[in-house]
1. Which condition number does K432 fail, the rest of (1) over 20 Å from T290 (Cα atoms); (2) crowded, with 18+ Cβ neighbours inside 10 Å; (3) modelled with pLDDT of 95 or more; (4) over 25 Å from the mean Cα position of the chain (by Cα) being met?
2. Within region 330-373, which residues are touching a strand residue (DSSP E or B) at 6+ places or on another chain (Cβ under 7 Å), acidic (D, E) and on the phi < 0 side of the Ramachandran plot?
3. Give me a count of the residues in region 220-240 that are out of contact with any Ser or Thr (no Cβ under 6 Å at 6 or more places or on another chain), farther than 18 Å from E413 by Cβ and buried (at least 19 other Cβ atoms within 10 Å of the Cβ).
4. Please work out if I167 is touching a residue at least 12 places away in the same chain (Cβ under 8 Å) and within 18 Å of K330 (Cα to Cα).
5. Considering region 239-267 alone, what residues qualify as being outside any helix (DSSP H, G or I) and either without any contact (Cβ under 8 Å) to a residue 40 or more places away in the chain or touching an Asp or Glu at 6+ places or on another chain (Cβ under 7 Å) (or both)?
6. With the requirement that a residue be among the aromatic types (F, W, Y) and touching a Lys or Arg at 6+ places or on another chain (Cβ under 8 Å), what does region 381-440 give you?
7. Taking region 396-441, which residues are among the polar types (S, T, N, Q), touching a helix residue (DSSP H, G or I) at 6+ places or on another chain (Cβ under 8 Å) and more than 27 Å from T216 (Cα to Cα)?
8. Name, by its number, the condition in (1) surrounded by 19 or more Cβ atoms within 10 Å (Cβ to Cβ); (2) closer than 20 Å to K310 by Cα; (3) of a type in the set (A, V, I, L, M) that does not hold for I401.
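The values are calculated or read from the model by the stated rules, or taken from the named source; none is laboratory data. Only a predicted model underlies this, so the values are computations on that prediction, with no experimental measurement involved. Cβ: placed from backbone, ideal geometry, glycine included. Neighbour counts: every protein chain shown.
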Amino acid sequence: MASISKLSCPNPTTVSSASFRPKVVQPICSVDFFNTKSTSDKKISSSSLSLRSNLAIRGSLLVRCSQYDGNGSQIKRTVLHDLYEKEGQSPWYDNLCRPVTDLLPLIAIGVRGVTSNPAIFQKAISTSNAYNEQFRELVQSGKDIESAYWELVVKDIQDACKLFEPIYDQTDGGDGYVSVEVSPRLADDTQGTVEAAKWLHKVVDRSNVYIKIPATAECIPSIRDVISLGISVNVTLMFSLARYEAVIDAYLDGLEASGLSDLSRVTSVASFFVSRVDTLVDKMLEKIGTPEALDLRGKAANAQAALAYKLYQKKFSGPRWEALVKKGAKKQRLLWASTSVKNPAYVDTLYVAPLIGPDTVSTMPDQALQAFIDHGIVSRSIDSNVSEAEGIYSSLEKLGIDWGYVGSQLELEGVDSFKKSFDSLLDSLQEKANSLKLVSL
């Protein structure tokens, strides 16, 4: 999985190391980046891992911590373990490709789940030969291109679910999920999304799969209906507080409509996107151009996220929620998505470190994960200064930043981006299928 995203390196080469603090005894810990471009060793200083420039580390990440418990068994510890054990936040990995077994080193260093999306699969399938054999068999058996695509995806998801199943079992269904998204072409199709979610849930057939559904206005009813069927959901592409509240209500409505006496196996996460918010709002602030406006750059996303967590605490309390808890219901955890820094001038852990809090998930792509492991600080931060977040949010409104516009614009861009990735992948698969047919003639 190139950077960490090209863990599928057949001949890994160690190129870097860094140390971590032990919990009990001094371990020997190293971060190894497996270079996919060369078989020669190249030393990289730990300071270069800050990624405050456009540096792209092409390799994968493995942390080895030699530490022994009282029984002499070797255990591995990183800051990701502390993130979960001390602050209740689950670190997930925002990437997936073959060979899926390359996720094992990440699980060893504390990663507790995986998210995928059409853009991730577009990159994985179009740039790797690992899918060729299965794809050839599917084409030769008469499968159409989109059906072949879904079979490729389902195999990856099933295999990843198997790897995370021990975490799912250990936490009684609280963690260890792998997410797969319905077709982005269905973002404005309420019933089509419900049917696609039902189909995906059935064909993947794994208890720890999350079916991803976008938080578009058309799909809010879909979320309710899918939850009511007892299918666990990752709600994605969420950019505003108003839409987030609608997502929570859809989850609660779905639980209440399910008719299930035991709700403990119906779970959900709500994926709140962060860095993209700053990307758009910063442009708006620069257009305003006043000192006050410029001083607020890089602050909008985390401020809104802090208020989302405040809303989460409010909605998952009180009589309505307590009635569901009696049936075994679990909170719909907030998941921080789009956690990589888009502006190289910003600190590389900007969308991870300030968003740490209990009952949340942070899904990190390569750069964010590498940066946080290298120099991230584990400390509850999401609600450490809510009044400041409220002040930033209202100051932006006073400057003319329309939060409703920000949310709707980013939603449109996100849906469009996933549609383009999906269509591009199908086109590339069609070209590959045509070449296979030519070879067979």
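1. Only one criterion in (1) over 20 Å from T290 (Cα atoms); (2) crowded, with 18+ Cβ neighbours inside 10 Å; (3) modelled with pLDDT of 95 or more; (4) over 25 Å from the mean Cα position of the chain (by Cα) is unmet by K432, namely (3).
2. D366, the sole residue that qualifies.
3. 7
4. Yes: the conditions hold for I167.
5. Answer for region 239-267, where residues must be outside any helix (DSSP H, G or I) and either without any contact (Cβ under 8 Å) to a residue 40 or more places away in the chain or touching an Asp or Glu at 6+ places or on another chain (Cβ under 7 Å) (or both): F239, G259.
6. F422 - this is the single residue of region 381-440 that is among the aromatic types (F, W, Y) and touching a Lys or Arg at 6+ places or on another chain (Cβ under 8 Å).
7. S428, Q430, S440
8. Tallying (1) surrounded by 19 or more Cβ atoms within 10 Å (Cβ to Cβ); (2) closer than 20 Å to K310 by Cα; (3) of a type in the set (A, V, I, L, M), I401 fails exactly one: (2).
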